[in-house]
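Quick notes on the structure that follows.
The values are calculated or read from the model by the stated rules, or taken from the named source; none is laboratory data. Source: prediction; values computed, not measured. Cβ placement follows ideal geometry from the backbone for every residue including glycine, while neighbour counts extend to all protein chains displayed. Ligands, DNA and RNA are excluded from the accessible area calculation, which covers all protein heavy atoms including side chains. Shrake-Rupley method; radii C 1.70, N 1.55, O 1.52, S 1.80 Å.
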Amino acid sequence: RLREIAHDICFVAPLGDDGGMHPMRQAALYKQLNTHIDSLSGAFGAMERIRGTPLAFVYVSHLRTFLLLYLFLFNMHGMASFGWTALFALFAANWALLGIEAASVECERPFGWSPNHLPLGKYCWVIAENIAQTIDEATQQSGIDS
């Protein structure tokens, strides 16, 4: 659909009473729009692959199992060696390591609308502005050349 719009912008819309743009300029503009569409499609495909590829179940289960086992043994050793005085340090270490595990789960799905996700709305807005700028340049060029 984007290629049809690019074709219409370059070859259909510029035709008017004055004859429109020179055919070479139309072809160059169409090539430029197609290059942008190709890069946009490539970026979209890459994001779809990232979104659709979860972390391997073996990795997640291995990480969680050994993290919990390590934390359990670490806490047992800390309490046996230092008693209740080690409680705050053990709590801080547990919180940090479980936070790293939670961050890995968040990194598994980077696209969404929560504050921890990538700002897709901002990316889409920038793309829309770039497309609007390209269309404005195309319409300005069609008015200059005859």
Exercise for review: Send over a whole-number figure in Å² for the accessible area per residue of the chain, probe 1.4 Å.
Suggested key: 74 Å²
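Counting only protein heavy atoms, what percent of the accessible surface of the range 22-104 is carbon or sulfur at a 1.4 Å probe?
Details: 4750 of 6220 Å².
Carbon and sulfur: 76 percent of the exposed surface of the range 22-104.
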Practice item. Answer with one residue from T53, L40, W95: the one whose Cα lies farthest towards the positive end of the charge dipole of the range 15-105, charges on Cβ with Lys, Arg +1 and Asp, Glu -1. Key: W95
**Study point:** Inter-label distance, nm, simple model (7 Å from Cα along the C-beta direction), C107/L2
**Key:** 2.9 nm
Point to revise | L118/L55 FRET efficiency (R0 25 Å; Cβ-Cβ; nearest 0.05) | key: 0.90
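Which value in deg cm²/dmol, rounded to the nearest 500, describes the helix-derived mean residue ellipticity at 222 nm for the chain, given -39,500 (n - 2.57) per DSSP H run of n ≥ 4 and division by the residue count?
Rounded to the nearest 500, the figure is -26000 deg cm²/dmol.
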